[in-house]
Amino acid sequence: MDITKSKKLFSRAKEVIPGGVNSPVRAFKSVGGVPRFLSRGRGAYIWDADDNRYIDYMMSWGPLILGHAHPKVVEAVREAASAGTSFGASTAGEIELAEMVIDRFLAVEMLRLVSSGTEAAMTAIRLARAVTGRELVVKFDGCYHGHSNGLLVKAGSGLATQGLPGSAGVPESAARGTISLPYNDLEAVWKTFDKRGEDIAGIIVEPAAANMGVVPPVEGFLNGLRMAAEKDGAVLIFDEVISGFRVARGGACELYNIRPDLVCFGKILGGGMPIGAVGGKREIMERLAPAGNVYQAGTLSGNPVSVAAGIATLRELETPGFYERLNNTTKKLALGLEEILTEAEIRVVINRLTGLLTVFFGEGEISDYQLVQNCDMDRYARFFRGMLDEGVYLPPSGYEAWFLSSAHNDDEIERTLKAAGNVVEELTTNEYE
Ligand code: KE4
């Protein structure tokens, strides 16, 4: 596969952009090889600068549940942009998008739009601290909530990929305000609340974890968090930046029938344009300025182009049977991969939820970050490189989810499984060193 142009672009990029990328996981550091510089996408496919075509399972890390360049989303963006890309004043679309989220999430009575998931999570934490007058925040190992100081403790996603326990530059005082516990470990949660309950402002959790690979909540885990927060008056925050509008129309809240106090959104809500949002109980949300005294602001918050793309996306998700089809596609791919890898006597565990899956080269139930770290990430790196050579672009990290869309159909699944079959023998002979 000729990747001359990507090689040249990467060398040039490294001169002027740290690590040659604008987000660490894109650098292929944990999987090896030359990051592909992409030129276009359509449906389930992307093309790199050398015009090599790939089936894409990165899908911009989640926003593109309809696939790349969906005509209705592109048309909405074109129309909005031609009327003005930003006003710094309110527009009717922001109200419509808020009403669409409220219609899907029982827990959301009001919504504030921002420009990233990081801002959404940061704002939710600030609200929790304001309404409780407390400081401590509980998060979970391997979960990722963006890169605000206090939430980089034992985080997943790019930190896990780089093997970083946290980040330089985060003051000890910020890290001290966060307690990170093992995901799915209710006993650890109850012990922490027994000891520190009156100091805990909030719990923030990915209700369907996807930043240590896909790790679903075990039976009773989320309900236990709801009860622990209730008992001690802490704010329960669901970070649905990935799971929102993906694992179900109403996200993990609907899938697991839990009502948190606040919910964070991003990705799909903007249909591929920059967006984030925090929503929840009216009495909490009305603490946000200018209604209340919790300050938060943003030049491009509620940007009309992002809002138009989000509205167009959520409208398409109303297509009858959308989530059933997405779940069936996810299941077909997961079972097919499991069959191919198992037949080759390769130890594999595939965790999946609607529209999401992760291939772990390990065994047993993978239900927390420690168990993920015991998996063979070198083998994932070889699998990644082999699949890339076969024209299938997986997430460049074993700690990320594969993202599916309505553009991934039988043809794409069959091609992906065929590619996996071709790669398998190399997996055992270490050819993809
Ligand atoms: P952004 O600030 O990147 O828009 O969102 C942060 C965020 C918050 N919460 C969850 C659950 C998230 O998954 C994310 C961001 N996700 C990663 C992918 N796992 C972004 C990819 C990247 O960092 O390049």
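Just so it is clear, none of the values below were taken in a lab; they were calculated from the coordinates. Please read these numbers as outputs of a predicted model, since none were measured by experiment. So basically every Cβ, Gly included, is an ideal-geometry build from the backbone, and we count neighbours across all protein chains shown.
Distance from the Cα centroid of the range 35-72 to that of the range 344-382 is 24 Å (rounded to whole angstrom).
Were the residues from residue 199 through residue 2 laid out at 0.36 nm apart, the gain over their Cα-Cα distance would be 65.2 nm. Dipole orientation for the chain: of the candidates 299, 115, 95, 299 has the Cα lying most toward the positive pole (charges on Cβ; Lys, Arg +1; Asp, Glu -1).
Three semi-axes describe the equivalent ellipsoid of the range 239-319; taken as square roots of 5 times the Cα gyration tensor eigenvalues and ordered largest first, they are 22, 19, 9 Å. Here the translational diffusion coefficient of the range 259-402 follows from Stokes-Einstein with Rh set to the Kirkwood radius across Cα pairs; for 25 °C and 0.890 mPa s it amounts to 133 µm²/s.
Counting only Cβ charges, +1 for Lys and Arg and -1 for Asp and Glu, the dipole size of the range 233-319 around its Cα centre is about 40 debye. The range 133-228 gives an Rg/Rh value of 0.95, both radii derived from C-alpha positions and Rh following Kirkwood. Computed from Cα atoms, the angle from the helix 304-316 axis to the main principal axis of the chain rounds to 70 degrees. Gyration tensor over the Cα atoms of the range 97-150: the corresponding equivalent ellipsoid has semi-axes (square roots of 5 times the eigenvalues, largest first) of 22, 15, 11 Å. Could you work out the relative contact order of the chain? I mean the mean sequence separation of Cα pairs under 8 Å and 6+ apart, divided by the number of residues, in percent. About 22 percent, as a whole number.
Mean sequence separation of contacting Cα pairs (under 8 Å, at least six apart), scaled by the length of the range 71-316, corresponds to a relative contact order of 31 percent. Working note: Debye formula, equal point scatterers on the alpha-carbon atoms of the range 71-316, no solvent; log10 I(q)/I(0) at q = 0.13, 0.16, 0.17 Å⁻¹ is -0.76, -1.13, -1.27.
In order along the range 284-291, the phi-based Karplus estimate (6.51 cos²θ - 1.76 cosθ + 1.60, θ = phi - 60°) of 3J(HN,Hα) comes to 7, 4, 6, 7, 6, 4, x, 6 Hz; Gly and Pro are listed as x.
Please report Rg over Rh for the range 318-364, where both radii come from the alpha carbon positions and Rh follows the Kirkwood definition.
Numbers: Rg = 12.4 Å, Rh = 11.4 Å.
Rg/Rh for the range 318-364 comes to 1.09.
Against the chain, whose longest principal axis is taken from its Cα atoms, helix 410-429 shows a tilt of about 70°. Couplings 3J(HN,Hα) of the range 92-97, computed from phi: 4, x, 5, 5, 4, 5 Hz, in residue order, whole Hz [Karplus 6.51 cos²θ - 1.76 cosθ + 1.60, θ = phi - 60°; x for Gly and Pro].
What you get for the range 71-316, charging only the Cβ of Lys and Arg (+1) and of Asp and Glu (-1), is a dipole of about 200 debye around the Cα centre. When each of the peptides 390-403, 95-108, 121-134 is scored by the mean number of other C-beta atoms lying within 10 Å of its residues, the order from highest to lowest reads 390-403, 121-134, 95-108. For the range 181-264, the percent of C-alpha pairs falling in each 5 Å distance bin, counted from 0 to the bin holding the largest distance, reads 3, 16, 28, 26, 17, 8, 2, 0. Over the chain, DSSP H runs of length four or greater, each weighted -39,500 (n - 2.57), average out per residue to a 222 nm ellipticity of -12000 deg cm²/dmol.
Using equal-weight Cα scatterers in the Debye expression, the normalised intensity of the range 321-433 in log10 at q = 0.09, 0.10 Å⁻¹ is -0.21, -0.27. Annotation: peptides 137-144, 355-362, 17-24, 209-216, ranked by per-residue average of other Cβ atoms within 10 Å with the highest first, follow the order 209-216, 137-144, 355-362, 17-24. Here's the list of lysines a cross-link from residue 8 could span, going by alpha-carbon distance under 21 Å and ignoring same-chain residues fewer than 8 apart: 29.
Over the range 176-215, all Cα pairs binned in 5 Å intervals from 0 give whole-percent P(r) values of 6, 19, 31, 22, 14, 7, 1, listed from short to long. Taking 7 Å steps out from each Cα toward its Cβ at residue 289 and residue 162 produces label points 3.1 nm apart. Rounded to the nearest 10 degrees, the inclination of helix 221-232 to the longest alpha-carbon principal axis of the chain is 20 degrees. For the chain, taking Cα atoms only, Rg and Dmax work out to 21.1, 63 Å respectively. At the listed q of 0.12, 0.22, 0.23, 0.29 Å⁻¹, the Debye profile of the range 370-433, built from one uniform point per Cα, gives log10 I(q)/I(0) equal to -0.32, -0.96, -1.02, -1.27. Summed over all non-identical Cα pairs, the Kirkwood treatment of the range 1-158 gives a radius of 19.3 Å. Think of the chain as a dipole: +1 on every Lys or Arg Cβ, -1 on every Asp or Glu Cβ, centred on the Cα centre; then among 228, 277, 162, 277 lies furthest on the positive end.
So which lysines pass the test for residue 331, namely a Cα distance under 17 Å, with those fewer than 8 places away in the same chain ruled out? Those lysines meeting the cut-off are 418.
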